[in-house]
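The next block holds one structure in the form of structure tokens; read it before the comments.
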Amino acid sequence: MRVNRKKIFLSLVCKVSGISYIFSLLQRFLFGSDVIRAVNYHSIPFETKEIFRKHLIYFSKYYTSVKEHDLEMFFKTGKWHKKKPGLILSFDDGIKDNFDIAYPLLEEYGFTGWFFVPTDFVNTAVNEQLDFAKNKQIEVKMDLKMDRVALNWDEINILAKNHVVGSHTRSHYRMEETADNEKLKYEIVQSKNILEEKIGKEVISFCWVGGEEHTYTKKAFQLIKASNYKFGFMTNTSLILKNTSPFLLDRTNLASNWPLYLIRFQLCGVLDLLYRKKRTRVHKHLVS
């Protein structure tokens with residue numbers, strides 16, 4: 001994922017000035033370890049493997065892994081039961097390098113991955129997957145050794161044994177206000193049904209596509225809540241607290257090629273403040 005120059009400049013200013021450090025301390029002072037942060041990656045290309053490893057080493061120093069059961073207990077009890085804050089490491093779009101690169105490293109460092117899969121991408125013929133990705137705004141890099149770009153069902157079943165597999169719609173669809181009920185059922189309900197049939201277990205986590213403000217629609221939100229999901233993930237960076245709605249879980253974007261100073265900046269809380277107005281508008285629109 002490319003990062004704009006303004007964000008690089010801001011992250012360097014925060015690093016040099018100590019603002020990132022101060023915000024991190026403030027988070028710890030205000031919330032202690034009773035807090036969870038959710039982040040999302042997309043593709044994890046082979047050439048970024050060792051950089052991504054550094055991310056995981058950093059995460060393992062300051063955070064602890066989160067399973068769906070842990071998240072349920074957090075909301076039920078209002079207490080995080082581990083010594084370090086929780087970190088949900090999610091991966092969007094069902095890209096093959098999530099299995100080839102991310103999965104073994106997650107296993108090595110003891111983190112649970114949350115893999116959000118658009119089922120139509122998985123079911124697309126191998127020779128058509130690149131076109132699907134391009135048409136549906138899925139950013140992938142085709143390594144020379146890759147015979148396909150999407151996960152297959154065998155890989156997804158392996159991931160589902162010890163990690164989380166969730167819905168990311170069927171067709172990587174950005175919700176539109178004009179979408180009728182049949183289209184929303186196709187994307188929200190049928191994606192869940194397909195995943196459950198394929199992996200043989202209940203799918204309780206849904207992840208919205210895109211993150212643009214207009215793609216968070218009331219009709220979609222209501223259907224997600226009515227479809228036996230327990231968690232709904234968005235991308236309007238914020239901490240997950242005990243009083244956070246399970247259907248308004250915001251994540252922070254990361255990329256596997258980013259240097260550690262940029263990762264620290266993304267997680268320190270500055271972005272939470274910058275996204276506050278957008279996040280408030282989206283949440284208010286959905287629940288009003």
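The values are calculated or read from the model by the stated rules, or taken from the named source; none is laboratory data. Not measured: the values here are computed from a predicted model. In this analysis, Cβ positions are derived from the backbone assuming ideal geometry, glycine residues included, and neighbour counts consider all displayed protein chains. Only protein heavy atoms, including side chains, enter the accessible area calculation; ligands, DNA and RNA are left aside. Shrake-Rupley method; radii C 1.70, N 1.55, O 1.52, S 1.80 Å.
What the Kirkwood sum gives for region 1-155 is a hydrodynamic radius of 17.6 Å, with every pair of different alpha carbons counted.
Packing around the peptides 74-81, 113-120, 203-210, taken as the average count of other Cβ atoms within 10 Å per residue, puts them in this order, highest first: 113-120, 203-210, 74-81.
Which value, in debye to the nearest 20, gives the size of the charge dipole of the chain about its Cα centre, when Lys and Arg are +1 and Asp and Glu are -1 at the Cβ? All intermediate terms of the calculation are to be shown ahead of the outcome.
Working: 44 positive and 32 negative charges, 301 e Å.
Using only the charged Cβ atoms, the result is roughly 1440 debye.
Each other residue within a Cβ distance under 14 Å of Lys277 adds +1 if Lys or Arg and -1 if Asp or Glu, for a net charge of +2. The eigenvalues of the Cα gyration tensor, multiplied by 5 and square-rooted, give region 204-288 an equivalent ellipsoid with semi-axes of 24, 14, 12 Å from largest to smallest.
Grab the other residues whose beta carbon is less than 14 angstrom from that of Tyr21, score K and R as +1, D and E as -1, and report the net. Don't skip to the end; give the middle numbers.
Values: positive: Lys15, Arg28, Arg264; negative: none.
It works out to a net charge of +3.
Heavy-atom surface analysis with a 1.4 Å probe gives region 221-267 a carbon and sulfur content of 49 percent of its accessible area.
How large is the helix-only mean residue ellipticity at 222 nm for the chain, computed as the sum of -39500 (n - 2.57) over DSSP H runs with n ≥ 4, divided by its residue count, in deg cm²/dmol to the nearest 500? Intermediate results must be reported in sequence, preceding the final value.
Working: 14 runs with 127 residues, N = 288.
Value at 222 nm, helices only: -12500 deg cm²/dmol.
Report, as a whole number in µm² per second, the diffusion coefficient that Stokes-Einstein gives for the chain at 20 °C and 1.002 mPa s using the Kirkwood radius over alpha carbon pairs.
For the chosen part, D equals 111 µm²/s.
I'd like to check one number: the per residue accessible area of region 166-242, probe 1.4 Å, reported in Å² as a whole number. Can you show the working numbers first?
Working: 3120 Å² over 77 residues.
Ligands and nucleic acids excluded, the result is 41 Å² per residue.
For region 90-139, what is the accessible area per residue in Å², given a 1.4 Å probe and the full set of protein chains? Kindly include the intermediate steps, with their values, before the conclusion.
On the way: 1940 Å² over 50 residues.
On a per-residue basis, 39 Å².
Each other residue within a Cβ distance under 12 Å of Tyr109 adds +1 if Lys or Arg and -1 if Asp or Glu, for a net charge of +1. The accessible surface of region 22-138, taken with every protein chain in place and a 1.4 Å probe, is 57 percent carbon and sulfur.
Could you provide, to the nearest whole Å², the per residue accessible area of region 1-82 with probe 1.4 Å?
On the way: 5030 Å² over 82 residues.
Normalised by residue count, the accessible surface of region 1-82 is 61 Å².
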